[in-house]
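Structure, as structure tokens:
The values are calculated or read from the model by the stated rules, or taken from the named source; none is laboratory data. All of these numbers come straight from a predicted model, not from anything done at the bench. Reconstructed Cβ throughout: ideal geometry from the backbone, glycine too, with neighbour counts over all protein chains shown. SASA here: full protein model, heavy atoms, side chains in, ligands and nucleic acids out. Shrake-Rupley method; radii C 1.70, N 1.55, O 1.52, S 1.80 Å.
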Amino acid sequence: ENAVYMGDEKKPCVESTTIFHSGVVYDYLKSPAEITVFDKNNGRFVLLDVARRVKTEMPTDKVSTLCEHLKTWAIGHKDPLLAFLANPRFEEEFDPSTGKLSLSSEAVNYQLTTENAGSSEISRDYREFCDWYCQLNTLLNPGSRPPFARMALNAAVDRYERFPQQVELALRLGGFPPKRITVRSEHQLVRRLVESDRGRVRQTDQYLAIFTPVSFEEYQKKILQ
């Protein structure tokens, strides 16, 4: 269960549920009603627009290739924040007694509260999905931040075999006076699926079979309308 908050807002701007089942990850966005299916074994994402009953596919190799192009472009950018995000370097601190993890730099800072993931398999699977999902999200939202700082964070969380209960991101932008943006996300790990989760997966598998396939460009137009 995931929720994202901007600044000091009490109401989340994004809510979603992510289900890991039989090697496939199903991510359910609350509003708009959109489902992202990460099918690692077949090297693809499938996006489903529930309201319009359409779907589109995005191969993972295309996602990684486009992100590498983005990285090459951003590394030489005149905006120092963008250049940093293309190749981030953090000072890392982890306290195993409290589960507190921090990744710090002049422009980007992460503060995390974590719990024991319970197994290296859970930690690895969660990191793998988060890495791919943040890359996909960059492509779905033109103008959004490059994914590489978040991927560095994912690597640190996985290295300690932790699960992030809360992630606080602080960005320091240029200008005078400097502008500061904060984002907070909260995550709840439920280690066993209940029947309603399995029913949701079964319904999604039905959607995969019956929704009308459209091009990625057409799908994006529909979502943005």
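Here are a few things to note about the model shown:
- Near-label residues of segment 100-124 by backbone N, under 17 Å of a point 7 Å along Cα→Cβ of residue 170: 100-113
- Charged neighbours of residue 28, selected by a Cβ distance under 11 Å, balance to -3 (K, R count +1; D, E count -1).
- Taking trypsin sites (Lys or Arg not before Pro) in DSSP loop states with no more than 12 other Cβ atoms inside 10 Å as exposed sites, the chain has its longest site-free stretch at 90-178.
- Segment 20-122: C-alpha gyration tensor shape, a/c 1.5 cut-off, then a/b vs b/c: oblate
- Radius 14 Å from Cβ of residue 4, net charge of other residues (Lys, Arg +1; Asp, Glu -1): -1
- Under 5 Å, built H, 5+ apart or other chain: amide partners of residue 21: 26
- Net length gained if the chain between residue 53 and residue 30 were fully extended (0.36 nm per residue, minus Cα distance): 6.7 nm
- Label corresponding to Cα extents along the principal axes in Å when calculated from the structure given, among [x] 68, 41, 28; [y] 49, 38, 28; [z] 51, 41, 34: [z]
- Here residue 208 and residue 41 are evaluated by their C-beta separation; at R0 = 22 Å the FRET efficiency comes out at 0.95.
- Available extension along the chain between residue 87 and residue 1 is 28.0 nm, counting 0.36 nm per residue and deducting the alpha carbon span.
- Taking the longest Cα principal axis of the chain as reference, the axis of helix 120-140 is set at about 90 degrees.
- A crude spin-label estimate for the pair residue 155 and residue 113, with each label 7 Å from Cα along the Cβ direction, gives 2.8 nm.
- Under the criterion of Cα pairs below 8 Å and six or more residues apart, the relative contact order for segment 63-122 equals 18 percent.
- Members of 40/78; 11/179; 62/100; 179/221; 40/62 lying beyond 25 Å, as alpha-carbon distances in this model show: 40/78; 62/100; 179/221
- Fully extended contour minus Cα-Cα distance, from residue 22 to residue 72, at 0.36 nm per residue: 14.5 nm
- Net charge of the neighbourhood of residue 38, taken over other residues with C-beta under 10 Å away and scored Lys/Arg +1, Asp/Glu -1, is -1.
- Computed log10 I(q)/I(0) for segment 71-205 at 0.09, 0.19, 0.20 Å⁻¹: -0.32, -1.18, -1.26, from the Debye equation with unit scatterers placed on every C-alpha and solvent omitted.
- Element breakdown for the chain at a 1.4 angstrom probe: carbon and sulfur atoms account for 50% of the accessible area.
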